Structures are given as structure tokens and as C-alpha cells.
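Here is the structure we will look at.
Any read-out appearing in this document is the output of simple, stated calculations on the displayed coordinates, not a laboratory observation. A quick note: this is a predicted structure, and the numbers were derived from the prediction, not measured. Cβ sites come from the backbone with ideal geometry, for glycine too, and all protein chains shown count toward neighbours.
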Amino acid sequence: MLFISILALQGQDTKKLFLGLQPDITREIKDNEENSFSINILPLVVQVYLNEASAIRLTSILNLENNSKQISNVGAQLAVPIYFLHKRGPKAAGVYSAAVLGLSHNQQSGGNEITLAIEPGYSWVLEKGFSMNLGLQLGGTYFTPTADAEGWRNHAGLKFSLGYTLRSKKSKS
């Protein structure tokens with residue numbers, strides 16, 4: 001997959017990079033009994049566009065839990081958005097769906113969490129590069145064995161990002 005991504009980047013006349021912030025709210029719940037959620041307080045996001053219809057996105061995770069008001073998770077999330085119904089042109093925007101893999105360490109329980117999700121959403125890239133994304137993640141999170149929890153829980157997250165899409169100048173070959 002990485003090799004194919006590198007080849008796709010090499011074949012492009014321009015390379016694009018999105019840099020921004022992605023504050024988000026997530027919930028990992030079991031049996032719908034818990035009312036807690038987390039807010040990402042260090043929501044840095046970098047997205048590298050592979051071509052006009054796909055990209056790779058990396059987002060930092062530093063979650064603050066609403067109930068305890070303490071840091072709950074530290075980690076990162078990798079997503080691969082595929083843009084559907086995009087306009088043929090130099091920017092990937094519009095309706096997308098992304099496969100998501102998240103890895104984090106739970107500071108409160110001492111365990112690790114692995115998230116697998118799908119994220120449908122929409123991206124806007126304005127003329128001067130200002131960009132916005134809105135997505136909804138749905139999936140599951142596996143909690144590694146600890147004294148508090150183990151096993152799968154439902155995962156839901158609202159993702160909203162603001163930033164800039166930077167374009168390099170056309171290469172002269």
C-alpha cells in the first residue's frame with residue numbers, strides 16, 4: 001500500500017498538503033450505559049493528497065474526558081479518505097469515505113485502545129487554500145486487558161477540521 005501511494009505521488013504534477021486543526025468529540029460506549037465523551041485538545045492534522053481522489057491523513061490524539069476532566073487518551077489516528085463525485089481537477093474535495101485506524105494509550109486505565117472505523121464526510125477546499133472537513137466516524141474500539149475494561153466497545157466521533165491546503169508549484173521535468 002505504501003509503495004502504491006509513493007508511486008501515485010510521483011505521478012502527480014502538483015503535490016498538495018493539508019495542515020490544520022481537527023477538534024473532535026468521541027465516545028466509546030458499552031451497552032449504552034455510559035454518558036462520558038472525550039474532546040481532543042491537541043487536534044493537529046496533516047493530510048497528504050495522493051491524487052485527485054485519495055489522500056492519507058494523520059491526526060494527533062490528546063483527549064480530555066468530560067467526567068473526570070483529566071487526560072484520557074494519547075495517540076494518533078490514520079485515515080485514508082477516498083473522494084467520490086469529485087470534480088476532475090487539481091483538488092480532492094467533496095463527498096468522501098475514509099477507513100480509519102486509531103492507536104492510543106489510555107492514561108486512566110493504563111491500557112491501550114485500537115479503533116477501527118469508517119468515516120463518511122464532506123471536504124471543502126476554497127480557492128486560496130482555506131479548507132474545511134466534516135465527518136462522522138462509526139466503528140469499534142478494542143480495549144486491551146486491564147483491571148477496568150477489556151474487549152470491544154462502540155465508537156462514534158464527530159470530526160470537524162479547519163486549515164489550509166498547500167500546493168507545490170508544478171515540477172519541471
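Data table
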| quantity | calculated |
| --- | --- |
| Loop-resident sites, segment 20-71, for GluC sites (Glu not before Pro), counting at most 15 other Cβ within 10 Å (DSSP) | GLU33, GLU34 |
| Computed lengthening from TYR142 to GLN107, 0.36 nm per intervening residue step minus Cα-Cα distance | 11.1 nm |
| Simple label model, 7 Å out from Cα along Cβ direction - VAL46 to ARG167, nm | 2.2 nm |
| Candidates per chymotrypsin sites (Phe, Trp or Tyr not before Pro) in segment 66-135, loop by DSSP, up to 11 other Cβ within 10 Å | PHE84 |
